[in-house]
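Read-outs throughout are calculated quantities, based only on the coordinates presented, and are distinct from any laboratory measurement. Predicted model only: the values in this text are computed from it and were never measured.
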Amino acid sequence: MDADEFFGSHLDRNPILGIFRNLDPGATVEMCERAWEFGVELIEVPVQTPDALPSLRAALEVAERRGKSVGAGTVTTASQLKAVRELGVRFTVAPGFHPEVVAESQRAGLPHLPGVATSTEIATALAHGFTWLKAFPARQLGAGWIRAQLAPFPGVRFVATGGIDASNAAAFLAAGCRGVAVGSALNDPDALDQLREVIAR
C-alpha cells in the first residue's frame, strides 16, 4: 500500500494520530490501548534516541495482537528507517524532508510522512510524490499557515504535529488539515470529550 492510500485509509476514518514520546514501554502500551479504545487508527512512537526502541517494540507487539498500525517517528536517517522496518513498523514519520530517508522508504515500500515548514519544502515533497505531509511545528506555524499553503498547494494533505491538543485541534482541522497528532490529551477524560466533539464536526 502506498503512502497516499495508507494514510488516507486510516486518517479519513479518524483524523487523530496518537503520538507517544518519552514514555517507558508499559506506559506506551497503556496509551496505545486508550487511543485504540477512542478509535485512533494510527500511533507513532518517536525513536529520536536508541533508548526509545523498547517502547516501540512493546507497542508493536500489542498492535500485532490487536491488528493495529504502529509507526516510528523522528526517523531522520536511512539506517534508522532500516532498523525500525526490521522491527515491523507499518509507517515512518520525520520532522523534516530527509532525502536519504525518503529514498529508503520508497525503496522499501514503507509509507512515510515527511515534515515540512516552508513552501519550498512542500514543493520538494510533492516533486518526490508525497502528498501527505506533516506540518511541523504546527503550534508555531499556526492554523493560518495551513490555509495559506493550501491555496497554492490544494492537493496537499497536512497532518498537524507539534503542540496540538484538545484546545486547538479543531482550528487546524477547520483550516484544512486532514489529521492532527495528539499525545497526552488522549489520557485526559475532559480532553477526550473535546476531541470527540472535534471529530463529530
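Note the full-extension length gain between ALA174 and ALA127 as 0.36 nm times their separation in residues minus their Cα-Cα distance, in nm to one decimal.
The span from ALA174 to ALA127 would gain 14.3 nm if fully extended.
Applying the Kirkwood pairwise sum to the alpha-carbon positions of segment 1-107 produces a hydrodynamic radius of 13.8 angstrom.
Rounded to whole numbers, the Karplus 3J(HN,Hα) couplings from phi for segment 38-50 are 7, x, 5, 9, 10, 10, 10, 10, x, 10, 5, 9, x Hz, using 6.51 cos²θ - 1.76 cosθ + 1.60 with θ = phi - 60°, and x at Gly and Pro. Rg of the Cα atoms in segment 100-201, relative to 2.2 N^0.38 Å, amounts to 1.13. Compactness of the chain was expressed as the Cα radius of gyration divided by 2.2 N^0.38 Å, which yields 0.94. Entry note, the chain: the mean residue ellipticity at 222 nm calculated from DSSP H runs of n ≥ 4, each adding -39500 (n - 2.57), is -14000 deg cm²/dmol after division by the residues and rounding to the nearest 500.
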